[in-house]
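Input: a single structure, listed below in structure tokens.
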Amino acid sequence: MEWIQQLVNGISVGSIYALIALGYTMVYGIIKLINFAHGDVFMLGAFIGFFAITRWDVGFLPALIISMVLCAIIGVIIERVAYKRLRSATRIAALITAIGVSFLIEYTMIFFRGPGLETYPEVLPNTSIDVFGVSVSSKSILILIVTIILMILLQFIVHKTKIGKAMRAVSLDADAARLMGINVDNTISATFAIGSALAGAAGVIFGAYYTRIEPLMGVLPGLKAFIAAVLGGIGNIPGAMVGGLVLGVVETVVSAFGFSLWRDAAAFIILILILILKPSGLFGKNTREKV
Amino acid sequence: MAEKRTLKRFASVFLASSLIVGALAACSGKEGTSTAGNTSGESSDVIKIGANLELSGSVASYGSSIGQGAELAVEEINAAGGIDGKKIELVKVDNKSDNAEATNAAVKLATQEKVVAMIAPATSGNVIATTQIANQYKIPTVTASGTAPNVTENEDGSINEFVFRTCFIDPFQGIVAANFATKELGAKNVAIYADNASDYAKGLAASFKEQIEANGGTVVAEEAYVADDTDFNSTLTRIKSANPDFIFIPGYYEEVGLIVKQARELGIEAPLMGADGWDSPTLVELAGSEALNNTFITNHYSSQDPDETIQGFVKAFEGKNNESPNAFHALGYDTVYFIKDAIERADSTDGEAIQKALAETKDLSLITGTFSVDEKHNPVKSATVLEYVDGEQKFNSKVNP
């Protein structure tokens, strides 16, 4: 029974990693940029949800949607202001800018509201359901359902809509896509919008599930999601989902064996192993980079 | 060891910077001797007490509470005529809950503000970052709530001459918790879940374990977490399967709030117990008042203690701040009276004279108990056990050392 319980724990953590990892992987897939500010968009999402719930008195789902919309806008602004003019610059310049944007968001937040923590109000029904002797909180089930719906929605957008088709075309070859009449700038903005909206959703879910939010909360989940994206093969959308879930379960198993202090180390060891043994990740295509 | 080395490096950096500051001060002194004469004239009718506190950062609620308590005490003393006719001036400096900033603040208080005595930071780690400065400048320093044994006593057994405290030490809280678990709750199989990143929690866990084993109990699970963790479900599931009838969780409210909440969600019904690190209104917000039922803490004092002097303090504090005083308020208040008592007995504002008087304190009656200072600069006093009932702390019992 203990192991089923641990699996449930792992999937709950993993689904939050997966939601953040999707944004990393989509942005990397389209402009080959590791957007380190993504973890902070996740933090902003959590705070937007918090203010929506406490100030405007809305429920969980409206807060989730408000947060997703505002985060999408923030993501587009970040891309237009910080990354767009660096599109033809070296990749290392863009990467350093991303780290700069990350710090800018974190410390602007601390400047305006201080570094203290905020407590999410109880927005979700909180009853424990006994399934075969395993107590599963209704909260984690609800969160899992929301996560799955968002992922299905994303798959639908990427594979069945015009903008999804454009995104796939740009990620394959931006120049060829432009020649085919695709507006590359708008497509990249759309990618940032969708990725940031998912991070915002993850923020609200995190807040509702774990209660405690603070301005530097995005750092560690951001890094973990990055590992998840690399694990699944960066640039690969189903890979990010699987990578997130696998990472969550692995971390939980490490704690379950009594090595809780090694949990974060385990995640980073996975990153190192993947980079050494299979840099393209579990689902990545093994192609050499074009020169 | 590594910690010690970095501490030394910090100390040498600050020594160097303080030398520069000193040199600059000397320069400016030469330029305007008239102002120097003026300040010394001022200092004769004011006694400056520094307060190096966590006014922002992760444990801001401790530091600002101590500050409020100290302010009330200073107001009372000044209203009653001060110390030998001299008014006390409280100089507060924010150390941002950070070790390096705490050292900085201590240097500032010692060299620029030239305080007579200092109230040291709230958490043990931050206090330790200031002890060298206190010894070096011979400024008696009293921490209101730094409970780790190594605040006053170094690893080699030597005593930090100028460092004192108003609170009892960690091992004592661990012993009280263990005795409470066996005698009051009848616990036999206990689990320990401690913050591995803080000396405070590790010290408590060690003394709790020793005492509970001496009482005939068994430790069935011993787990650890690291500060800033948010997900404790997997380790709690592991603890649950060991089936303990009591869980001791030494740590700070930011994580403990989440641990208590997640433990109850996983269906752990056993009584949970912690120490003064739990004492913050934020704990109730994080955990929820329902999850906190059947949890206990050891603490320095209770505002519901029927004692007359305590009720007098509670009334005075509520009149000024519109809230009921917590243990940090009371300790901050007591710390000022502890220093005041020593200055009066020393009949001097000289650092070494005050230090001697502090070390000789005997049967001083304060809000958090009547205490004497032992040879390790620790007060010998009583502890209080509180129970959370629907989010409110209720006075449970008082335990003597």
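The values are calculated or read from the model by the stated rules, or taken from the named source; none is laboratory data. All values reported here derive from a predicted model rather than from experimental measurement. All Cβ positions, even for glycine, are placed from backbone atoms using ideal geometry, and neighbour counts span all protein chains on display.
For region A:95-116, name all the residues that are among the charged types (D, E, K, R) and loosely packed, with under 13 Cβ neighbours inside 10 Å. Selection gives A:Arg113 alone.
A:Leu247 passes every criterion in (1) more than 13 Å from chain B (Cβ to nearest Cβ); (2) surrounded by 24 or more Cβ atoms within 10 Å (Cβ to Cβ); (3) part of a helix (DSSP H, G or I) apart from (1). Within region A:141-159, does at least one residue satisfy the condition of being in a strand (DSSP E or B), in contact (Cβ under 8 Å) with a residue 40 or more places away in the chain, within 14 Å of chain B (Cβ to nearest Cβ) and surrounded by 14 or more Cβ atoms within 10 Å (Cβ to Cβ)? No; the residues of region A:141-159 include none that is in a strand (DSSP E or B), in contact (Cβ under 8 Å) with a residue 40 or more places away in the chain, within 14 Å of chain B (Cβ to nearest Cβ) and surrounded by 14 or more Cβ atoms within 10 Å (Cβ to Cβ). Only one entry in B:Ala129, B:Ala181, B:Ala177 is within 17 Å of B:Asn99 (Cβ to Cβ) and either assigned to a helix (DSSP H, G or I) or not assigned by TED's automatic domain parsing to the domain that holds B:Lys261 (or both), namely B:Ala129.
The residue that is surrounded by the fewest Cβ atoms within 10 Å (Cβ to Cβ), counting only those in region B:239-288 that are more than 11 Å from chain A (Cβ to nearest Cβ) and small (Gly, Ala, Ser), is B:Ala270. Of all residues in region A:181-229, those satisfying the criterion of being of a type in the set (S, T, N, Q), over 12 Å from the mean Cα position of the chain (by Cα) and away from chain B (no Cβ under 14 Å) are A:Asn183, A:Asn186, A:Thr187, A:Ser189, A:Thr191. Evaluate the following for B:Ser234: is it part of a helix (DSSP H, G or I), within 14 Å of another protein chain (Cβ to nearest Cβ) and polar (S, T, N, Q)? Against the criterion (part of a helix (DSSP H, G or I), within 14 Å of another protein chain (Cβ to nearest Cβ) and polar (S, T, N, Q)), B:Ser234 qualifies. Sort out which residues of region A:112-128 are away from chain B (no Cβ under 12 Å) and at pLDDT 85 or above, and write them in order of number. Matches in region A:112-128: A:Phe112 only.
From the list A:Ala46, A:Ala93, A:Ala63, A:Ala98, the lone residue that is at pLDDT 90 or above, in a helix (DSSP H, G or I), in contact with a strand residue (DSSP E or B) (Cβ under 8 Å, 6 or more places away or on another chain) and on the phi < 0 side of the Ramachandran plot is A:Ala46. Note on region B:154-193: residues that are farther than 30 Å from B:Ala106 by Cα and among the aromatic types (Phe, Trp, Tyr) total 2. If you check B:Gly277, B:Gly257 for being outside any loop (DSSP other than H, G, I, E, B), modelled with pLDDT of 90 or more and of a type outside the set (A, V, I, L, M, F, W, C), only one passes: B:Gly257. Could you please let me know if B:Gly125 is out of contact with any Pro (no Cβ under 6 Å at 6 or more places or on another chain), buried (at least 23 other Cβ atoms within 10 Å of the Cβ) and modelled with pLDDT under 90? So B:Gly125 fails the test. The residues listed here are B:Asp276, B:Asp334; of these, the one that is under 18 Å from B:Thr166 (Cβ atoms), in contact (Cβ under 8 Å) with a residue 40 or more places away in the chain, assigned by TED's automatic domain parsing to the domain that holds B:Asn196 and in contact with a strand residue (DSSP E or B) (Cβ under 6 Å, 6 or more places away or on another chain) is B:Asp276. Keeping to region A:83-112, report how many residues are in contact with a helix residue (DSSP H, G or I) (Cβ under 8 Å, 6 or more places away or on another chain) and in contact (Cβ under 8 Å) with a residue 40 or more places away in the chain. Within region A:83-112, residues that are in contact with a helix residue (DSSP H, G or I) (Cβ under 8 Å, 6 or more places away or on another chain) and in contact (Cβ under 8 Å) with a residue 40 or more places away in the chain number 10.
Cβ-Cβ contacts under 6 Å between residues 6 or more apart (or on different chains), taken from a first residue in region B:166-194 that is among the acidic types (Asp, Glu) to a second residue that is not in a helix (DSSP H, G or I), are listed as B:Asp170/B:Thr147; B:Asp170/B:Ala148. Consider region A:117-135 and keep the residues that are in a strand (DSSP E or B) and over 22 Å from the mean Cα position of the chain (by Cα). The one that is surrounded by the fewest Cβ atoms within 10 Å (Cβ to Cβ) is A:Asp130. Restricting attention to region B:290-310, the residues that are within 11 Å of another protein chain (Cβ to nearest Cβ) and out of contact with any Lys or Arg (no Cβ under 7 Å at 6 or more places or on another chain) total 1. Kindly check whether there is at least one residue in region A:162-170 that is away from chain B (no Cβ under 14 Å), in contact (Cβ under 8 Å) with a residue 40 or more places away in the chain and farther than 30 Å from A:Gly59 by Cβ. Within region A:162-170 (the criterion being away from chain B (no Cβ under 14 Å), in contact (Cβ under 8 Å) with a residue 40 or more places away in the chain and farther than 30 Å from A:Gly59 by Cβ), the answer is yes, since at least one residue qualifies.
Looking only at residues that are closer than 17 Å to B:Trp278 by Cβ and not hydrophobic (A, V, I, L, M, F, W, C) in region B:162-180, which one is surrounded by the fewest Cβ atoms within 10 Å (Cβ to Cβ)? Taking the candidates together, the pick is B:Gly174.
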